[in-house]
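What follows is a short report on a single structure.
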Amino acid sequence: NTENVRRILSRARLISLMDCYCRLTFGHCDAPVNVCLDLDQVAERHIRELGAREITFDEALDVLEKTHEAGLVHMAYGHGELYEPGVINSICSCCTCCCGVLAGVQRFGLFPHLLTSHASTVTDLSACIDCGDCVDRCQFGAREMSDGSLAFHQDFCYGCGLCVSTCPTYAITLVD
């Protein structure tokens, strides 16, 4: 979720920004492209070798806000030959139509086996008006309309918070 990503960014000594390789390659949606954030050593390398540009913490937060509004899922991970166990060095804002990882995880039902979330959502059904706005924002199929009412599948919830920010009655909350 956005708060966890904010904490990760606040610890970085260097942040870089570059275009999303997946969205550039596949182009299945009109989501923002200049959204991939890298940290520290990976940022240094991408600035030097791939034309990424250094940005400030506040600029990174603006990117996160823009991508959240666009319905993209924030994914923080470590990767590449500079990867150290437990160290986050990249933050991508992903969609299920372009991102190879997110699309594959969703398509083959691998989410609970490959991705870890530090949060989930809780819905106050007495406040829910069954509008379906949260269903449209959920990239994981955790929410669906069934016979005019919201059905929530907790096991599929990634805790990205996209449904929380779109709920008109504030019936959905994010919990650790």
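Could you tell me how many of the residues in the stretch 76-97 are closer than 17 Å to Tyr158 by Cα, buried (at least 19 other Cβ atoms within 10 Å of the Cβ) and not polar (S, T, N, Q)?
Number satisfying all stated conditions: 4.
Looking only at the stretch 98-114, filter to residues that are surrounded by fewer than 16 Cβ atoms within 10 Å (Cβ to Cβ) and not in a helix (DSSP H, G or I); which one of those is modelled with the lowest pLDDT?
It comes out as Leu110.
So which residues in the stretch 139-160 are within 17 Å of the chain's Cα centre (by Cα) and modelled with pLDDT of 90 or more?
Arg143
Anything in the stretch 122-160 that is more than 20 Å from Thr67 (Cα to Cα) and acidic (Asp, Glu)? List them, or say none.
Passing the criteria: Asp124, Asp130, Glu144, Asp147, Asp155.
In this structure, is Arg48 open to solvent by 60 Å² or more (accessible area, probe 1.4 Å), assigned to a helix (DSSP H, G or I) and at pLDDT below 90? Don't jump to the end; show me each part of the working.
Values: open to solvent by 60 Å² or more (accessible area, probe 1.4 Å): yes; assigned to a helix (DSSP H, G or I): yes; at pLDDT below 90: no.
So Arg48 does not fit the description; no.
So, Asp62, is that one out of contact with any helix residue (DSSP H, G or I) (no Cβ under 8 Å at 6 or more places or on another chain), surrounded by fewer than 21 Cβ atoms within 10 Å (Cβ to Cβ) and assigned to a loop (DSSP other than H, G, I, E, B) or not? Walk me through how you get there before you give the answer.
Working: out of contact with any helix residue (DSSP H, G or I) (no Cβ under 8 Å at 6 or more places or on another chain): yes; surrounded by fewer than 21 Cβ atoms within 10 Å (Cβ to Cβ): yes; assigned to a loop (DSSP other than H, G, I, E, B): no.
So Asp62 does not fit the description; no.
I'd like the full set of residues that are farther than 16 Å from Val87 by Cα and either open to solvent by 50 Å² or more (accessible area, probe 1.4 Å) or among the hydroxyl-bearing types (Ser, Thr, Tyr) (or both), limited to the stretch 34-44. Spell out how you get there, then give the answer.
First, the residues of the stretch 34-44 that are farther than 16 Å from Val87 by Cα: 34-36.
Result: Asn34, single match.
Just to check your reading of the model, which residue among Asp124, Asp130, Asp136, Asp176 is open to solvent by 40 Å² or more (accessible area, probe 1.4 Å), closer than 30 Å to Asp40 by Cα and not hydroxyl-bearing (Ser, Thr, Tyr)?
On the way: Asp124 fails: closer than 30 Å to Asp40 by Cα; Asp130 fails: closer than 30 Å to Asp40 by Cα; Asp136 fails: closer than 30 Å to Asp40 by Cα.
Answer to the check: Asp176.
Residues are listed down the side, and each one gets a yes or a no for (1) farther than 19 Å from Ala76 by Cα; (2) touching a strand residue (DSSP E or B) at 6+ places or on another chain (Cβ under 6 Å); (3) of a type outside the set (Val, Ile, Thr):
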site: Met18; (1), (2), (3): no, yes, yes
site: Thr25; (1), (2), (3): yes, no, no
site: Ala31; (1), (2), (3): no, no, yes
site: Gln41; (1), (2), (3): no, no, yes
site: Thr56; (1), (2), (3): no, no, no
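Yes or no, residue by residue, for (1) of a type outside the set (D, E, K, R); (2) without any contact (Cβ under 8 Å) to a residue 24 or more places away in the chain:
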site	(1), (2)
Arg143	no, yes
Ser146	yes, yes
Phe152	yes, no
Asp155	no, no
Gly161	yes, no
Ser165	yes, no
Thr169	yes, no
Ile172	yes, no
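Kindly check whether there is at least one residue in the stretch 166-176 that is modelled with pLDDT of 90 or more, within 23 Å of Met75 (Cβ to Cβ) and assigned to a helix (DSSP H, G or I).
yes
Can you confirm whether Asp19 is at pLDDT 95 or above and closer than 19 Å to Leu162 by Cβ?
Details: at pLDDT 95 or above: yes; closer than 19 Å to Leu162 by Cβ: no.
It is false that Asp19 is at pLDDT 95 or above and closer than 19 Å to Leu162 by Cβ.
Condition (residue is over 17 Å from the mean Cα position of the chain (by Cα) and touching a residue at least 12 places away in the same chain (Cβ under 8 Å)) applied to the stretch 33-41: is it met by at least one residue? Spell out how you get there, then give the answer.
Within the stretch 33-41, the first condition is being over 17 Å from the mean Cα position of the chain (by Cα), and the residues that meet it are 40-41.
From the residues that got through so far, the ones that are touching a residue at least 12 places away in the same chain (Cβ under 8 Å) too are 40-41.
For the stretch 33-41, residues over 17 Å from the mean Cα position of the chain (by Cα) and touching a residue at least 12 places away in the same chain (Cβ under 8 Å): present.
Quick check on my filter: what residues within the stretch 2-23 are in contact with a Cys (Cβ under 9 Å, 6 or more places away or on another chain) and in a helix (DSSP H, G or I)? Outline the logic, then answer.
So the first thing to find is which residues in the stretch 2-23 are in contact with a Cys (Cβ under 9 Å, 6 or more places away or on another chain), and the list is 2, 16-23.
Across the stretch 2-23, the qualifying residues are Thr2, Tyr21, Cys22, Arg23.
The values are calculated or read from the model by the stated rules, or taken from the named source; none is laboratory data. From a predicted model like this one, the values you see are computed outputs, not experimental measurements. A quick note on method: Cβ atoms are made from the backbone with ideal geometry, for glycine too, and the neighbour counts reach across all protein chains shown. The area values use the complete protein model at the heavy-atom level, side chains included, leaving out ligands, DNA and RNA. Shrake-Rupley method; radii C 1.70, N 1.55, O 1.52, S 1.80 Å.
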